[in-house]
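The values are calculated or read from the model by the stated rules, or taken from the named source; none is laboratory data. This structure is a prediction, so every number in the text was calculated from the model and none was measured. Cβ atoms come from the backbone with ideal geometry, glycine included; neighbour counts cover every protein chain shown.
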Amino acid sequence: MKVSTIIPTYNSAHTLDRAIQSVINQNYYSSEIIIVDDGSTDNTEQVCKKYFDNIKYIKQENSGVAAARNRGIISSSGELIAFLDSDDQWLPDKLSSQINILYKYNKLKWCAGYVVRVNNNLANNLIPSSNTLYRSATSEILNFFKVSLYSDIFQTSAFLIYRTIFTEIGLFNPILKVSEDRDLWWRIARIYPSIGYVNTPCTFYFVDTPNSLTKSNLNRNDSLRVVCDHMMNAKLNRYSYDTYYNKYLNKLLYIYLLRCYNNEIDISHNLLNRAHRLIKLNFSKRLIIIITKFFPRKINSILIRFILFTYSKFK
């Protein structure tokens, strides 16, 4: 099957070569590599020139990562679409391992894989980050929201998706500057909750790269708004209301509220009130939120980490 690999980039000339090489070095040849330059002002185009025989280079005005990925999807011709951020890197058997799973389970529409979180140093060697590995899974088929409820294993640079899904579900929301990927994955998983999974490392996710299209600041209004919109949509349409999807959204709302009251993130007052109206909280969770407003930040941070650990430990 023909694979179109889409690499959005913005002022990432210092890492782009590494990303492109990791696609070229795949055991399964990616038939099409599309670089979408989102208005870079560095030497990104010069980096791409030496690959012009192997890639399709598209330059656009700066419009954000969602618009860049959409431009790549629209310009692609493969049966399968893969995404790779310009500051990340694939391992050589990433595509072949995923395609084997899609062949093995032909009803699956998409596939993810084990992501290793790493840092750079000046010699461009890989150094494990404090959270070295996204939690892996033993099964080759997962329920997207069930797994997401207890662990964080899905990352954009590790997805491989049939292009027919984008015709059915739609593209990334270009209005969103953050959480545009979450929004799309949730829309897909709502219809196709089963996802293939490569449980051996297939992608390096670099956590310390500057000028990334996907890094954001402490303002989480857009991120929380996406969660609230999905929660409201679930309530209005009465679908997935008693499934892992709804439980997952409730968990995210709860964590956002805790982090906001701990002054870890900035949330507008109106959006905070909206989250409170949507979330289902038992007595103990309400009590923890009240306590969070008055306890010192250090104590609250320990409390939040314990809650996240509890979600991931007990199923």
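Could you count how many residues in region 106-132 are assigned to a strand (DSSP E or B), more than 20 Å from residue 94 (Cβ to Cβ) and at pLDDT 50 or above? Outline the logic, then answer.
As a first pass, look at region 106-132 and keep what is assigned to a strand (DSSP E or B): 110-120, 126-132.
Retained after the next criterion (residues that are more than 20 Å from residue 94 (Cβ to Cβ)): 119, 127, 130-131.
Okay, now just the ones that are also at pLDDT 50 or above, so 119, 127.
Selection size over region 106-132: 2.
The set of residues in region 85-97 being closer than 15 Å to residue 204 by Cα and out of contact with any strand residue (DSSP E or B) (no Cβ under 8 Å at 6 or more places or on another chain) consists of 92 alone. Residue selection: residue 43 fails the criterion of being in contact with a helix residue (DSSP H, G or I) (Cβ under 8 Å, 6 or more places away or on another chain) and closer than 20 Å to residue 198 by Cβ. Checking each residue in region 166-182 for being within 13 Å of residue 80 (Cα to Cα) and free of Cβ contacts under 8 Å to residues at least 60 places away in the same chain picks out only 167.
For residue 17, state whether it is part of a loop (DSSP other than H, G, I, E, B) and of a type in the set (Asp, Glu).
Working: part of a loop (DSSP other than H, G, I, E, B): no; of a type in the set (Asp, Glu): yes.
The answer is no for residue 17.
Within region 28-38, is even one residue touching a residue at least 60 places away in the same chain (Cβ under 8 Å), assigned to a loop (DSSP other than H, G, I, E, B) and hydroxyl-bearing (Ser, Thr, Tyr)? Taking every residue of region 28-38 in turn, at least one turns out to be touching a residue at least 60 places away in the same chain (Cβ under 8 Å), assigned to a loop (DSSP other than H, G, I, E, B) and hydroxyl-bearing (Ser, Thr, Tyr).
Restricting region 254-307 to residues that are farther than 16 Å from residue 231 by Cα and among the hydroxyl-bearing types (Ser, Thr, Tyr), the residue that is modelled with the highest pLDDT is 268. Checking 73, 33, 20 one by one, the residue that is under 26 Å from residue 144 (Cα atoms), at pLDDT 95 or above and of a type outside the set (Lys, Arg) is 73 and no other. If I filter region 71-84 for residues that are assigned by TED's automatic domain parsing to the domain that holds residue 183, over 20 Å from residue 207 (Cα atoms), assigned to a loop (DSSP other than H, G, I, E, B) and of a type in the set (Ser, Thr, Tyr), do I get at least one hit? Yes, that holds for at least one residue.
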